[in-house]
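Since the structure comes first, as structure tokens, the remarks are kept for the end.
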Amino acid sequence: MRTRSLIAAFAAAVVGFAHAAAAQPYPSKPITVIVPFAAGGPTDVVTRLVSEHMSRTLGQQLVVENVGGAGGSTGMTRAAQAAPDGYTIAVGNMGTQSAAPALYANLKYDPAKSFAQVGIVNYTPQAIVAKKDTAAKNLKEFLAYLQANHAKLSYGHAGVGSISYVSGTVFNSKFGLKPGLVAYRGTAPALNDLVGGQIDYMVDQSLNVIPQIKAGTIKVYAVAAPARLESLPDVPTTKELGVDFIFSAWNAMVAPKDTPKEIVAKLADALSKALDDPKIKARYVELGSTAPQGADRGPAALQKLVESEMARITPVLKEALAAAAAAQPAQKK
Ligand code: ASP
């Protein structure tokens, strides 16, 4: 009898505790934000920018954790499998959240089904950049140089499934290039090697390369966008040069699926407030980034974007990979 009442008392205490925990207003402790790439790269930079502001809105610290590897799929897998309690979220991108399923047969998450989407963080066009001492004076000359020398050249990217891998695959196949591919845990370390001259070229988010372009440590040939960037007024676009290669990247915040709707709404609201902050707006312009506006904010818009981008990029990638596989590697001639 005594044991039974003890058990009952214990059970009541557990239930009471659970209620108390549930009643704790969210967030009541720091939130981990997984960035599935190296620190200092595009996803990391934009995540830290909005996280700092979101911490102030939510009254709890957002702590960025860089979990690089496998083109970002290692970190996104960890995010998909985390407890859906709002204390582990992540920022993926067009690569991890759209292209990865076409590249990994055993991907452990489905970008459209394994997450509660929070919202788009930014859009940023890709830029075509090369090491500083590349002699080509413009994009036309650079393409001719690549076509004549690609077998001896190397292309740096952030791992299979990353945006730089996907945009490079499309770019290289479009121009018949088969360079050596060098994978990094993010485009921050890849860019370091481009600055150091260890690799020859990259197609990377303008967000990442603008500071180095401005410092004169790398060369830029074009922004792969329909319009010039305010922060790079002298850099032509592929469109105006008549080169058929336009490639826009994006980063987006997600939580594990089954995260309560109220929590997702709080995160989406805090993200939206960050995007309206004048300092963040000014920094976005400097970094060649655009924030989503109006109906493009929030969970529904991101869900739509993930689904449409998956449908768009899968055939493009498959075609580019098939073309690359069919092309004779120039080295073997
Ligand atoms: N977003 C990656 C990074 O932060 C780069 C990429 O996807 O290409 O390094």
Listed by chain and number, the aspartates and glutamates with an alpha carbon less than 14 angstrom from that of residue 152, same-chain partners under 8 positions apart left out, are 200
Taking a straight Cα-to-Cα line shorter than 18 Å from residue 239, and setting aside same-chain aspartates and glutamates fewer than 8 residues away, one finds 141, 204, 230
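Once you keep just the Cα pairs under 8 angstrom separated by 6 or more residues, what percentage relative contact order results for the chain?
25
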For the stretch 258-266, Karplus-derived ³J(HN,Hα) couplings (6.51, -1.76, 1.60; θ = phi - 60°; whole Hz; x for glycine and proline) come out as 6, 5, x, 4, 5, 5, 4, 5, 5
Rounded to whole angstrom, the alpha-carbon centroid of the stretch 183-203 lies from that of the stretch 255-317 at a distance of 27
Counting only backbone N atoms under 19 Å from a point 7 Å out along Cα-to-Cβ of residue 64, the residues of the stretch 175-202 in range are 184-193
Projecting the Cα atoms of 42, 242, 114 onto the charge dipole of the chain, where Lys and Arg contribute +1 and Asp and Glu -1 at Cβ, the residue farthest towards the positive end is 114
Here the gain from full extension of residue 296 to residue 262, 0.36 nm per residue of separation minus their alpha-carbon distance, amounts to 10.3 nm
Sorted by chain and number, the residues with a modelled amide H under 5 Å from that of residue 249, at a separation of 5 or more or across chains, are 124, 126
Shape call for the stretch 241-319, from the Cα gyration tensor axes a ≥ b ≥ c (a/c under 1.5 means rounded, otherwise prolate when a/b beats b/c, else oblate), comes out oblate
With R₀ set to 51 angstrom, the calculated FRET efficiency between the beta-carbons of residue 316 and residue 85, to the nearest 0.05, is 0.90
Taking R0 as 56 Å and r as the Cβ-Cβ distance between residue 276 and residue 140, the FRET efficiency 1/(1 + (r/R0)^6), rounded to the nearest 0.05, comes to 0.85
Highest GNM mean-square fluctuation among 305, 287, 153, for the chain with Cα springs under 10 Å, belongs to 153
Filtered hits (aspartates and glutamates, Cα-Cα < 15 Å from residue 279, offset >= 8 within chain) -> 52
Taking a ≥ b ≥ c as the square roots of the eigenvalues of the Cα gyration tensor, with a/c under 1.5 meaning rounded and otherwise prolate when a/b exceeds b/c and oblate if not, the chain is prolate
The chain, Gaussian network, Cα under 10 Å: of 30, 278, 42, the residue fluctuating most is 278
In deg cm²/dmol, rounded to the nearest 500, the helical mean residue ellipticity at 222 nm of the chain, built from -39500 (n - 2.57) for every DSSP H run of length 4 or more, is -14000 deg cm²/dmol
Where a ≥ b ≥ c are root eigenvalues of the Cα gyration tensor, a/c under 1.5 meaning rounded, otherwise prolate if a/b exceeds b/c and oblate otherwise, the stretch 130-233 counts as rounded
The answer for residue 31, listing residues at least 5 apart or on another chain whose modeled amide H is closer than 5 Å to its amide H, is 61, 62, 63
Percent antiparallel among DSSP beta bridges confined to the chain, nearest 5, equals 65
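Coordinate-derived values only; no laboratory data. No experiment lies behind these values; they were computed from the predicted model shown. Note: ideal-geometry Cβ built from the backbone for every residue, glycine included; neighbour counts use all protein chains shown.
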